[in-house]
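What follows is a set of notes on a single structure, which appears directly below.
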Amino acid sequence: MLANEVPQEGNATLGGRRKALYARGADGRLQIVPSAGWEVEEIVTRQAVDDLNRLAEDARRRVAAGLTSALEYHMHKARMDVPLLAQTTGLWQWRIRRHFRPAAFASLSPALRRRYAEALGIAVDQLNKAE
Amino acid sequence: MSAILRQQGLPISEPMAFGLSSALSFAYIPLIRINGLPLVAYRMPPKSIIKGLQKPLGLKMRFETFRNAEAGTRRLDELLTAGQLVGMQTSVFWLPYMPEDLRFHFNAHNVLAFGRDAASGDYHISDPVFDSPVSCAASALQKARFARGVLAPKGLLYYATGTPSAPDWSKEIPKALKKTTRIMLDAPLPIIGVRGIRRLANAIEGMAAKGDPAQVKMFVGQVVRMQEEIGTGGAGFRFIYASFLQEAAELLARPRLDELAETLVDVGDEWREFALAAARMIRDRDPLAPGALATRLRQLADREQAFFRNLRHAA
């Protein structure tokens, strides 16, 4: 890659920051060239983000329909899955899955609610609503 | 890493640090899953990179992990007060300065703390992803350092304890080159090195044969993210390694290494073409053709195999 070939297409997922790339200068030596972003990176990042958002949105709809608890929504919102949430909270996976049932979630103790909220990085009263 | 060395009075470049520690690699590890997809890595794990530098430079690094998050934060403050540069393993997700779209639960992200803002208590951090320093609130940094999950950092921090010295380049560089060729060509596991690249090609085809094109797209998307997003310098660290080869050619007065650097830049360009082809399929600009991607990967495996064989001769 030549220095003047370093992509400067802009990449919205970088939030306006620039990345350092190594590219060949006029003298043939590799040098650091700041890049404003490459479309390819934007595509693959968006792909991953969109997939996570899709899961969260899907969970939100099911919460509204009473099919799952707000916990599942917040888990996806925090870009986690059940194994990761289990490791972060120190709970068994089956217990977390049980708490996806609206009835089980409703009778959750305040201590467990705090544990979930802490692991998901949100406030306890946020945990109760899927928004 | 190069910043820590510079502070210890040994100015060496980032590519030199990368090359000397034999950090270049390839691994396709189906057993470790990130977001349910196999881990693909283009370099050695950070800890091995740092350890790889100790011997050639006569450097002493200390690694500390913590069971207790508060203790980890206290230790970090102590070290910063003592004027140390402190490297840390973090989870990208909990770093607030990361753009929203880059915040995934990826735990092997290494950053460097070099001070603390007296007024706000925020840490000054140098993050390899960005070209300028950033700042990070104390509570967020603690959360990022003690995130759980795959490759959990457990608060890992590291700093230099001894003063490094300039190595005998004519001895250490060939040694590092040979080690890299060994990793790429003779790894005992078929998932490391050029065989790993071929394995990955098979895995993509295998996944496609089972159906579910959406899953295949997620998988190749993750491969490209590992290649371009995680790494520094582009093309899965191939460019930064080429830069190291150029430096080595000059230090050792061996023009052959310059030629090899040229070849590696071409190989890196081919990795970028693979990324481009994959991205076009993900966006449905081209029809999804897992076979074509696998073919590209096999070509890359062949080219890297030839390249590292030549490098072995040159070393």
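Data overview
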quantity	calculated
Failed item in (1) within 10 Å of the chain's Cα centre (by Cα); (2) closer than 15 Å to residue A:117 by Cα; (3) not charged (D, E, K, R), with residue A:74 passing the rest	(1)
Qualifying residue in the range B:290-297 (condition: within 14 Å of chain A (Cβ to nearest Cβ) and polar (S, T, N, Q))	no
Qualifying residue in the range A:42-58 (condition: touching a residue at least 24 places away in the same chain (Cβ under 8 Å), within 14 Å of chain B (Cβ to nearest Cβ), under 15 Å from residue B:102 (Cα atoms) and small (Gly, Ala, Ser))	no
Selection status of residue B:104, crowded, with 19+ Cβ neighbours inside 10 Å and either more than 15 Å from the chain's Cα centre (by Cα) or in a helix (DSSP H, G or I) (or both)	yes
First in the range A:1-21 and of a type in the set (Phe, Trp, Tyr), second anywhere and outside any loop (DSSP other than H, G, I, E, B), Cβ under 7 Å, 6 or more apart	none
Failed item in (1) free of Cβ contacts under 8 Å to residues at least 12 places away in the same chain; (2) out of contact with any helix residue (DSSP H, G or I) (no Cβ under 7 Å at 6 or more places or on another chain); (3) more than 14 Å from residue B:28 (Cα to Cα), with residue B:188 passing the rest	(3)
Test set (1) modelled with pLDDT under 85; (2) buried (at least 19 other Cβ atoms within 10 Å of the Cβ); (3) aliphatic (A, V, I, L, M) - residue A:44 fails condition number	(1)
Hits in the range B:66-112 (condition: of a type in the set (S, T, N, Q), more than 14 Å from chain A (Cβ to nearest Cβ) and in contact (Cβ under 8 Å) with a residue 24 or more places away in the chain)	B:73, B:84, B:89, B:90, B:110
Residue in the range A:76-119 that is nearest to residue B:142 (Cα to Cα), counting only those that are of a type in the set (Phe, Trp, Tyr) and in a loop (DSSP other than H, G, I, E, B)	A:92
Sole exception among (1) within 22 Å of residue B:35 (Cβ to Cβ); (2) in contact (Cβ under 8 Å) with a residue 12 or more places away in the chain; (3) polar (S, T, N, Q) for residue A:87, by number	(2)
Selection from the range A:7-37 of residues that are facing chain B (nearest Cβ under 7 Å) and either at pLDDT below 80 or within 26 Å of the chain's Cα centre (by Cα) (or both)	A:13, A:14, A:15, A:17, A:18, A:19, A:20, A:21
Output for the range B:122-169, where each listed residue is at positive phi and either modelled with pLDDT under 85 or of a type in the set (Val, Ile, Thr) (or both)	B:149, B:151
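The values are calculated or read from the model by the stated rules, or taken from the named source; none is laboratory data. Keep in mind it's a predicted model, so treat the numbers as computed, not measured. Using ideal geometry, Cβ is built from the backbone for each residue, glycine included, and neighbour counts are taken over all protein chains shown.
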